[in-house]
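All remarks here apply to the structure that follows.
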């Protein structure tokens, strides 16, 4: 076996295409969009390269590609940690522990040479809502758009190498026909009947207004907490523009208090209900198939991509008011049957409590691992948010 760094077009092609045959017999795997994955590692497309770096490798046995990995670090991610911390992601490998450990060791050694003292993975060289965590529970349902999916044997590879659970990522699912608990409904109704509050969806909102309101809420909800950085308007604009082709404005909900944005509940249709027909390639033929199924296939699932409330308004019922507003519209029109909540870290008891009060249940579990590269600091799990 030998490791080859991705430096040329042919190596990148093989790096991008290896999932196609690792998952060739797995009906639940929906390929990620290759062009989108490739752009993560192009400096002219990913601004994290301005204060960071990334490398990719493939592993060969003879001339056969049997695995891949990427390693990266950025000032933005590392600045919120107690020590310089890099990341590993986009790991794929056949069922061979030696090959897997060679990939992991190569990535860790490069990160250590770059001054990193810890490494998290599998994560993304970008935002947390995409390509984050190792799937360890529920391999029988179709994978969700931009959510990691992997064979069950990957867990043993990571843990036998020495990675420890930094935090668990809990994914909840809820039938839209199940009523929320009474305490949840009561607090939500208080908000809905208070004239200072307004709950509305994104119909008629411009991309600029969406981005401005999103940034204000995001920073008021999370900025300053461990692992979360102040968001800039440019980041929000990029994220919203990338979602535009699949947006359903009716399920993108915002809350306002005296006309100031204080909360969002951003849902998208489960894009993989359409992506399963394009095999990860949005070329002309793939785009045609995607649009056909988007327009003419019945949507069953919506995915809660991000949920946040200004810390000054948390616990007042705003969370429930947004969810009830969305559910009333969706159930009334019969557009969706169930909702998947994007992953909630086990370090976030408030959001877990909200999900449980909604009657949602855990249907999938992922893990973000951490490995300490030096003995200067002991391993510690992610701090609990309060």
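The values are calculated or read from the model by the stated rules, or taken from the named source; none is laboratory data. For clarity, every value in this text was computed on a predicted model and none was experimentally measured. Virtual Cβ from ideal backbone geometry, glycine too; neighbours counted across all protein chains shown.
Test residue 163 against the criterion of being closer than 25 Å to residue 23 by Cβ, surrounded by 15 or more Cβ atoms within 10 Å (Cβ to Cβ) and either assigned by TED's automatic domain parsing to the domain that holds residue 327 or touching a strand residue (DSSP E or B) at 6+ places or on another chain (Cβ under 8 Å) (or both), and give yes or no. Criteria met by residue 163.
Just give me the residues in the stretch 363-374 being closer than 18 Å to residue 306 by Cα, at pLDDT below 95 and surrounded by fewer than 19 Cβ atoms within 10 Å (Cβ to Cβ), in sequence order. Selection gives 363 alone. Scan the stretch 318-331 and tell me whether some residue there is over 22 Å from the mean Cα position of the chain (by Cα) and at pLDDT 85 or above. For the stretch 318-331, residues over 22 Å from the mean Cα position of the chain (by Cα) and at pLDDT 85 or above: present. Taking the listed residues 30, 37, the one that is surrounded by 17 or more Cβ atoms within 10 Å (Cβ to Cβ), at pLDDT below 95 and farther than 15 Å from residue 124 by Cα is 30, with no other qualifying.
Residues checked against (1) under 16 Å from residue 129 (Cα atoms); (2) modelled with pLDDT under 85; (3) in contact with a helix residue (DSSP H, G or I) (Cβ under 6 Å, 6 or more places away or on another chain):
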| residue | (1), (2), (3) |
| --- | --- |
| 207 | no, no, yes |
| 213 | no, no, no |
| 216 | no, no, no |
| 257 | no, no, no |
| 272 | yes, yes, no |
| 280 | no, yes, yes |
| 288 | no, yes, no |
